[in-house]
Amino acid sequence: MNALYAGDMTLPQIALFALAVGMLIGVGMSLLVVWAYRTRARFAGETSTVVPDGVADVLGSMDDAACVVDASGLVLAASKAAARFGIEVGAALENPELRQLVRGVRSTGASATESLRITRGGLSLDPRLVSARASAISPRMSLLIIRDVTEQERLDQMRRDFVANTSHELKTPVGAVTLLAEAIESAADDPAQVRIFAARISAEASRLGQLTGRIMSLSRLQADDAISDVRPVSIDEVIAASIEAHVVQADSAGVELARGGDRGVWVRGDSQILIEAIGNLIANAIVYSPNGSRVGIGVRADDDVVEIAVSDQGIGIAEGDRERIFERFYRADEARSRRTGGTGLGLSIVKHATQRHGGEVRLWSRPGRGSTFTVRLPRIDAPASVDKDKKSKKKKRERKAAKSDPARVRNGESA
């Protein structure tokens, strides 16, 4: 036997060798199975159109328009806001610019953001400026988020316009004062001319003061801070103060001011802001009314709303100007505004003052027939102190009547 196995492996060595080979084969088979499963999972992921867990929940809680689209542009999931842009689950992503954005992200694998002007819900007359961001969440699916920045763009443009218009409006009186000062210097030996130029400087300075004052008022109304001095306000007092402040202007223009409507109405807010707002409406009505006409200031109240209407019999406002009449520095009649010293800020102040008090302002106008501006404000009950004061005055009247005629009081009558 020893001679037979001379130079050959022994039985234990053969067993160990077989065991090693078996282990190698087993490990190899295991690695092959793992590789096969991973390849299968990767392939399934690359070809799957099932939205990953949690993505639908995230989309449901988003305020922005967002959706998940597959390689063919089919919408697999979407937020509620996406419907504003005509994006619906099960439908194709129609906008070609958005499709191109998604296609580029899928090819590069990197996120991308673009500013686009697209339409909402297929309405070609309603273009919106959006910031669209696309990201790949799988080889076949992409996440698209659309943020509407139209309002932000509008506000930015309004700020730029405000600065430009303010600079332009301030240059006019400042330039006039400069020229008039030079004219006074050159006419120093002519007292009559000096007085004329001095009066014109005073007028330009007054205009400059009015402009800066209104700019400051408008800035305060447009600030984010709430109205600080909020208390019950008597509409009777607001109307009386507004009319009193413009009696001289009305007399000079030959315009009658007439007050009518309900009495004893109250709102909550800042009385000075409301007086300025109603005063601006009255001043505008006087400026655009012919001599001998009437400006009416009426109040109508129901359970929840107070309406303050200022009506004139003036030239009216053309239909094309009505949508812009409340814009800052906008003048429907540029020549008349320049002649009367108008700043183009009065109606803008009215609009923002009304909004700050939780109300709105409406306009009715017909060219050649006149205009009516109606301020609508939330109504409140009269303060308790006012009710007590009314009762006290009533008792005083009754006591006075009793002293003057006791028989009437005994018979149940009162003065």
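The values are calculated or read from the model by the stated rules, or taken from the named source; none is laboratory data. Bear in mind the structure is a predicted one, so any value in this text is a computation, not a measurement. Note that we place each Cβ from the backbone using ideal geometry, even for glycine, and neighbour counts take in every protein chain shown.
Give me the pairs: first residue in the range 345-360 and under 22 Å from R207 (Cα atoms) and assigned by TED's automatic domain parsing to the domain that holds V375, second residue in a loop (DSSP other than H, G, I, E, B) and among the aliphatic types (A, V, I, L, M), beta-carbon distance under 9 Å, and six or more apart or on different chains, which are they?
L347/I325
Of all the residues that make up the range 305-323, how many are part of a loop (DSSP other than H, G, I, E, B), at pLDDT below 90 and among the acidic types (D, E)?
So the answer is 1.
Please work out which residue is nearest to G359 (Cα to Cα), limiting yourself to the range 290-301 and to residues that are assigned to a strand (DSSP E or B) and without any contact (Cβ under 8 Å) to a residue 40 or more places away in the chain.
R300
R214: at pLDDT below 70, part of a helix (DSSP H, G or I) and surrounded by 13 or more Cβ atoms within 10 Å (Cβ to Cβ), yes or no?
In short, yes.
I need a count of the residues in the range 269-283 that are surrounded by fewer than 22 Cβ atoms within 10 Å (Cβ to Cβ) and touching a strand residue (DSSP E or B) at 6+ places or on another chain (Cβ under 8 Å).
Residues in the range 269-283 being surrounded by fewer than 22 Cβ atoms within 10 Å (Cβ to Cβ) and touching a strand residue (DSSP E or B) at 6+ places or on another chain (Cβ under 8 Å): 2 in total.
Are there any pairs, at least 6 apart or on different chains, whose C-beta atoms fall under 8 Å, with the first in the range 158-187 and more than 27 Å from A198 (Cβ to Cβ) and the second modelled with pLDDT of 80 or more, and if so, which?
As it stands, the answer is none, since no pair meets every condition given.
Out of the range 253-268, which residues are of a type in the set (G, A, S) and either exposed (fewer than 13 other Cβ atoms within 10 Å of the Cβ) or within 20 Å of R300 (Cβ to Cβ) (or both)?
G254, A258, G260, G261, G264
May I ask you to verify whether T119 is assigned to a helix (DSSP H, G or I), at pLDDT below 80 and surrounded by 13 or more Cβ atoms within 10 Å (Cβ to Cβ)?
It is false that T119 is assigned to a helix (DSSP H, G or I), at pLDDT below 80 and surrounded by 13 or more Cβ atoms within 10 Å (Cβ to Cβ).
Return the residues of the range 174-189 that are assigned to a helix (DSSP H, G or I) and either over 13 Å from E204 (Cβ atoms) or not assigned by TED's automatic domain parsing to the domain that holds R200 (or both); say none if nothing qualifies.
Those that are assigned to a helix (DSSP H, G or I) and either over 13 Å from E204 (Cβ atoms) or not assigned by TED's automatic domain parsing to the domain that holds R200 (or both): E182, E185, S186.
Among the residues that make up the range 278-289, is at least one of them touching a residue at least 40 places away in the same chain (Cβ under 8 Å), in a strand (DSSP E or B), out of contact with any Pro (no Cβ under 9 Å at 6 or more places or on another chain) and assigned by TED's automatic domain parsing to the domain that holds K351?
no
Hey, any hits in the range 241-252 for a residue that's surrounded by 17 or more Cβ atoms within 10 Å (Cβ to Cβ), of a type in the set (A, V, I, L, M) and modelled with pLDDT under 90?
no
Go through the range 131-145 residue by residue and tally those that are within 35 Å of the chain's Cα centre (by Cα) and touching a residue at least 24 places away in the same chain (Cβ under 8 Å).
The total comes to 8.
Would you be able to tell me the number of residues in the range 73-86 that are out of contact with any Ser or Thr (no Cβ under 9 Å at 6 or more places or on another chain) and either within 22 Å of R106 (Cα to Cα) or among the β-branched types (V, I, T) (or both)?
The number of residues fulfilling the criteria is 5.
Which one is modelled with the lowest pLDDT among residues in the range 53-67 that are farther than 20 Å from G86 by Cβ and exposed (fewer than 15 other Cβ atoms within 10 Å of the Cβ)?
So the residue we want is D53.
How many residues, within the range 143-173, are modelled with pLDDT of 75 or more, surrounded by 12 or more Cβ atoms within 10 Å (Cβ to Cβ) and assigned to a helix (DSSP H, G or I)?
So the answer is 3.
Going by the conditions given, is A77 assigned by TED's automatic domain parsing to the domain that holds A132, crowded, with 19+ Cβ neighbours inside 10 Å and assigned to a helix (DSSP H, G or I)?
no
Out of the residues in the range 101-110 that are touching a strand residue (DSSP E or B) at 6+ places or on another chain (Cβ under 9 Å) and surrounded by fewer than 13 Cβ atoms within 10 Å (Cβ to Cβ), which is modelled with the lowest pLDDT?
Per the criteria, the residue is G109.
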